[in-house]
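Beneath this line is the structure, given in structure tokens, with notes to follow.
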């Protein structure tokens with residue numbers, strides 16, 4: 001097994017993957033780390049794939065199956081008020097490739113992109129690969145990690161090419177509220193930068209909040225690139241289907257880049273995604289109810305442990321302050337994995353300054369979440385006792 | 001406002017040269033069965049980053065048999081077609097401004113090189129990476145290998161089912177060759193977008209990390225379909 005010394009040199013995505021590898025060596029470990037929905041892909045989607053698998057399958061066009069692009073455009077208009085056509089849609093090999101294509105098509109060496117802190121660190125490589133740099137924009141727990149437009153404006157320079165929004169946020173569970181979106185849209189127009197809006201968790205926003213797509217604001221279609229996918233909404237992570245919504249010329253540019261990254265997305269996966277996009281979305285409502293219940297259960301468990309956190313407004317994660325344990329989050333995560341057999345991620349996997357925060361997912365059945373909470377509570381009691389002695 | 005495009009995007013705009021659509025073909029019955037079985041097992045989530053272990057093992061065995069070289073499952077990363085294998089190698093192995101030599105099939109790596117900010121040429125002596133494909137033939141490949149610098153790595157694409165020559169068989173190249181191939185085109189699985197990359201230990205971690213950053217993992221069902229039908233590589 002890797003030692004603490006091995007993993008403490010790591011941060012970002014490498015740290016997350018090292019911890020996941022470590023967890024494989026821990027018998028009976030409960031994974032509350034990765035954002036992979038445990039629920040099965042809905043049966044009607046699987047059935048569509050089952051039928052298609054037995055028939056002829058052609059290599060799909062680079063930009064995606066026309067019917068799928070069309071369905072994504074229709075849903076964007078119906079669900080989020082983003083009035084686009086199929087030429088504004090590119091189907092990607094998961095949302096992650098979408099982000100890579102966006103950054104490649106948008107950023108040049110020396111450019112700057114504004115990124116809220118904390119951040120989903122898998123973005124780092126897509127940005128650094130272009131030779132651009134990211135500029136952190138602080139967000140604050142007391143505002144539910146919504147972004148302050150004035151903090152964005154303060155960091156705008158002539159090199160600013162884009163602002164990256166993730167709403168709901170991974171890792172904080174914060175959302176961009178409509179009034180914030182409006183202010184950011186004004187900034188984007190005034191300073192001529194692009195807003196890249198990652199909305200992969202957009203189907204899971206908790207009452208009383210509502211998901212809001214910044215591309216739906218009047219006049220913003222030419223300023224916004226929206227990223228999303230089927231992985232989280234339909235529990236389809238293994239199918240690898242994401243998408244980008246952008247102006248036609250940007251879609252054409254990303255399609256030309258995609259010819260060299262992975263080529264077309266697997267056809268069977270696109271057929272399944274088409275079934276999801278055209279199907280009854282009551283499955284998403286069912287998922288939402290399940291995740292909401294889990295959120296309540298895990299929240300109660302974390303409170304009982306004495307961890308401080310703001311209620312997530314969307315997504316699958318709790319972003320909890322671990323200061324009360326008197327231990328740095330990375331060390332705490334290592335101990336919880338070894339002693340409580342629960343995998344969670346330390347804040348330093350999402351930004352250098354978050355050494356006293358933990359990201360914990362709700363992506364386990366309720367009884368498993370209860371069990372994880374019990375184990376963590378017992379381990380934390382021991383840690384606090386040892387600290388007090 | 002017209003959205004700004006990066007210089008690399010402008011350079012590639014209109015250059016993808018997409019082939020006209022082809023009629024679909026049914027997958028091999030064994031691949032269909034494997035897909036249906038995988039769906040029954042709920043294989044619809046992420047796999048391990050480098051791919052499912054039995055497929056990595058099968059690819060390693062196939063490469064070992066074909067080239068009489070000791071490939072291990074741990075050397076193998078399952079990719080979204082050979083395209084991703086080439087791309088990941090180009091992005092991870094070379095730096096902006098580096099030279100890539102491609103005496104043949106340069107069109108396969110030209111776009112990836114533009115994205116990396118690298119230069120593609122036929123100048124072998126200045127290359128940090130040499131791209132060669134098995135279809136170019138043993139003699140042509142050996143000639144190229146004889147001209148590259150000692151620190152030049154080799155990206156070798158297996159695109160000729162008959163050839164059993166591999167650059168690692170040449171003295172001095174045993175740990176300098178990254179092998180990529182497509183598991184789809186040879187097996188009527190082109191629509192599944194599945195391939196592989198085999199890398200020496202010193203480069204494997206970086207390639208795996210870059211693949212993870214690009215696509216996390218390859219399509220789950222495609223991997224099971226490939227496992228069912230891959231015989232000869």
Single match in A:125, A:96 (criterion: within 14 Å of another protein chain (Cβ to nearest Cβ) and buried (at least 24 other Cβ atoms within 10 Å of the Cβ)): A:96
Single condition residue A:80 does not satisfy, out of (1) farther than 28 Å from residue A:282 by Cα; (2) under 24 Å from the mean Cα position of the chain (by Cα); (3) surrounded by fewer than 21 Cβ atoms within 10 Å (Cβ to Cβ): (1)
Residues that are touching a residue at least 12 places away in the same chain (Cβ under 8 Å) and at the interface with chain A (Cβ under 7 Å from one of its Cβ atoms), drawn from segment B:1-31: B:8, B:12, B:15, B:16, B:24, B:25, B:26, B:27
Segment A:94-134, residues that are over 19 Å from the mean Cα position of the chain (by Cα) and more than 14 Å from residue B:213 (Cβ to Cβ): A:105, A:106, A:107, A:108, A:109, A:110, A:111, A:112, A:131, A:132, A:133
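When you check residue B:113 against the structure, is it farther than 18 Å from residue B:230 by Cβ and either within 12 Å of another protein chain (Cβ to nearest Cβ) or crowded, with 23+ Cβ neighbours inside 10 Å (or both), yes or no?
yes
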Total residues in segment A:272-298, condition within 14 Å of chain B (Cβ to nearest Cβ) and modelled with pLDDT under 95: 0
Options B:139, B:122: the member that is under 22 Å from residue B:170 (Cα atoms), more than 10 Å from every other protein chain (Cβ to nearest Cβ), surrounded by fewer than 21 Cβ atoms within 10 Å (Cβ to Cβ) and at pLDDT below 95: B:122
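Being in a helix (DSSP H, G or I), within 11 Å of chain A (Cβ to nearest Cβ) and surrounded by 17 or more Cβ atoms within 10 Å (Cβ to Cβ) is the requirement here; does residue B:59 meet it? Even if it seems obvious, please write down each step before you answer.
Working: in a helix (DSSP H, G or I): yes; within 11 Å of chain A (Cβ to nearest Cβ): no; surrounded by 17 or more Cβ atoms within 10 Å (Cβ to Cβ): yes.
Considered against the rule, which asks whether it is in a helix (DSSP H, G or I), within 11 Å of chain A (Cβ to nearest Cβ) and surrounded by 17 or more Cβ atoms within 10 Å (Cβ to Cβ), residue B:59 comes out as no.
Confirm whether residue A:345 is under 17 Å from residue A:145 (Cα atoms), assigned by TED's automatic domain parsing to the domain that holds residue A:289 and in contact with a strand residue (DSSP E or B) (Cβ under 9 Å, 6 or more places away or on another chain).
In short, no.
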Output for segment A:105-114, where each listed residue is surrounded by fewer than 23 Cβ atoms within 10 Å (Cβ to Cβ) and under 18 Å from residue B:2 (Cβ atoms): A:108, A:111
Residues (touching a residue at least 12 places away in the same chain (Cβ under 8 Å) and surrounded by fewer than 17 Cβ atoms within 10 Å (Cβ to Cβ)) located in segment A:48-59: A:58
Segment A:48-64 - residue that is more than 9 Å from chain B (Cβ to nearest Cβ) and out of contact with any strand residue (DSSP E or B) (no Cβ under 7 Å at 6 or more places or on another chain) and, of those, farthest from residue B:184 (Cα to Cα): A:48
Breaking point among (1) part of a helix (DSSP H, G or I); (2) within 13 Å of chain A (Cβ to nearest Cβ); (3) buried (at least 21 other Cβ atoms within 10 Å of the Cβ), for residue B:37: (3)
Lone qualifier among A:22, A:10 - being at pLDDT below 95, over 24 Å from residue A:239 (Cβ atoms), assigned to a loop (DSSP other than H, G, I, E, B) and more than 10 Å from chain B (Cβ to nearest Cβ): A:10
Any hit, segment A:36-43, residues being surrounded by 17 or more Cβ atoms within 10 Å (Cβ to Cβ), within 12 Å of chain B (Cβ to nearest Cβ) and at pLDDT below 95: yes
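Could you tell me how many of the residues in segment B:185-197 are part of a loop (DSSP other than H, G, I, E, B) and farther than 19 Å from residue B:109 by Cα? Show your work before the answer.
Narrowing segment B:185-197 to residues part of a loop (DSSP other than H, G, I, E, B): B:188-189, B:193-194.
Cutting the leftovers down to farther than 19 Å from residue B:109 by Cα gives us B:188-189.
Qualifying residue count for the region: 2.
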Counted residues, segment B:106-128 - those being touching a residue at least 12 places away in the same chain (Cβ under 8 Å), closer than 28 Å to residue B:5 by Cα and touching a strand residue (DSSP E or B) at 6+ places or on another chain (Cβ under 8 Å): 8
Members of segment A:250-271 that are under 24 Å from residue B:1 (Cα atoms) and facing chain B (nearest Cβ under 7 Å): A:250, A:252, A:253, A:255, A:256, A:257
Residue that is surrounded by the fewest Cβ atoms within 10 Å (Cβ to Cβ), among those in segment A:194-226 that are within 14 Å of chain B (Cβ to nearest Cβ) and in contact (Cβ under 8 Å) with a residue 60 or more places away in the chain: A:221
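The values are calculated or read from the model by the stated rules, or taken from the named source; none is laboratory data. Treat the numbers as computed from the prediction; the structure is a model and nothing was measured. Glycine also receives a Cβ, built like all others from the backbone with ideal geometry; neighbour counts cover every protein chain displayed.
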